[in-house]
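Remarks on the structure that follows.
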Ligand code: F6P
């Protein structure tokens, strides 16, 4: 059966600072993940063919850099747009936009950042990616937290209320095996 692999990009400088969004470089730990990812993939995939999809952001492209497979970049895989909150920490958002912060907590799936997106928006924007994913063989998506939550929810039919809280940790390769009636999931974390 064919496999779909999901991985967040390696830790970014913004991750280290607790800032949302942006287009920052990988941290030293993130670079180590990028170095070790090819070996981790090969260990589980063997010599099979694979195509690697990334977003257009530096951190996913840098994470996929050492993977010797055909690649495609998708704008539709870019991280959820936090609009006016892009580049802020959660503390800064709570201070500057307390109502927004509370509203997001109230309904995280539907909350749309000012000038940005909601999880619901992202689910819609991912439709072409999902369509293409259904037609392809082995694919590895090097993506972002919110994006991978939406893709996970597509395969596991996670509820809208739960989707924005699905745990997609850094430095972990997630292996999905879609089958006729259910999808199988395995997780391979790297200790970096
Ligand atoms: O913190 C990393 C990040 O990818 C941000 O860029 C993004 O806004 C956030 O995660 C999404 O997670 P949550 O919806 O839980 O804030």
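At a glance:
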item: Intensity falloff of segment 45-143 expressed as log10 I(q)/I(0), Debye formula with alpha-carbon point scatterers, at q = 0.20, 0.23 Å⁻¹; result: -0.99, -1.15
item: Ranked 65, 96, criterion: other C-beta atoms within 10 Å, fewest first; result: 96, 65
item: Kirkwood-based shape ratio for segment 4-60, expressed as Rg/Rh from alpha carbons; result: 1.02
item: Ascending count of other beta-carbon atoms within 10 Å, so fewest first, for 139, 192; result: 192, 139
item: Among 31, 94, 145: highest mean-square fluctuation, GNM of the chain, C-alpha pairs under 10 Å; result: 94
item: Gyration tensor (alpha-carbon) shape descriptor, segment 138-192, a/c threshold 1.5; result: oblate
item: Computed helical MRE - 222 nm, the chain, DSSP H runs ≥ 4 contributing -39500 (n - 2.57), nearest 500; result: -11000 deg cm²/dmol
item: Distance histogram for the chain (every C-alpha pair counted, 10 angstrom bins, percent rounded to whole numbers); result: 9, 37, 37, 15, 2, 0
item: Value of relative contact order over the chain, rounded to a whole percent, pairs C-alpha under 8 Å and six or more apart; result: 31 percent
item: Cα shape, segment 93-192, gyration tensor, a/c 1.5 rule; result: prolate
item: Rel. contact order, % - alpha carbon contacts under 8 angstrom, at least six apart, segment 45-100; result: 32 percent
item: Choice from 38, 70, 28 with maximal GNM fluctuation in the chain (Cα, 10 Å cutoff); result: 70
item: Rounded Å value of the spacing that divides the Cα centres of segment 25-39 and segment 163-190; result: 20 Å
item: Among 171, 152, 44: highest mean-square fluctuation, GNM of the chain, C-alpha pairs under 10 Å; result: 44
item: Which of 131, 32 has the fewest Cβ neighbours within 10 Å, and the rest in rising order; result: 131, 32
item: Mean separation of Cα contacts under 8 Å, 6 or more apart, over the residue count of segment 105-192: relative contact order %; result: 21 percent
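Every read-out reported here was derived from the displayed coordinates using simple, explicitly stated rules and does not represent laboratory data. In this text the structure is predicted, and so the values were computed from the model without any measurement. Counting neighbours? That spans all protein chains shown, and the Cβs are built from the backbone with ideal geometry, glycine included.
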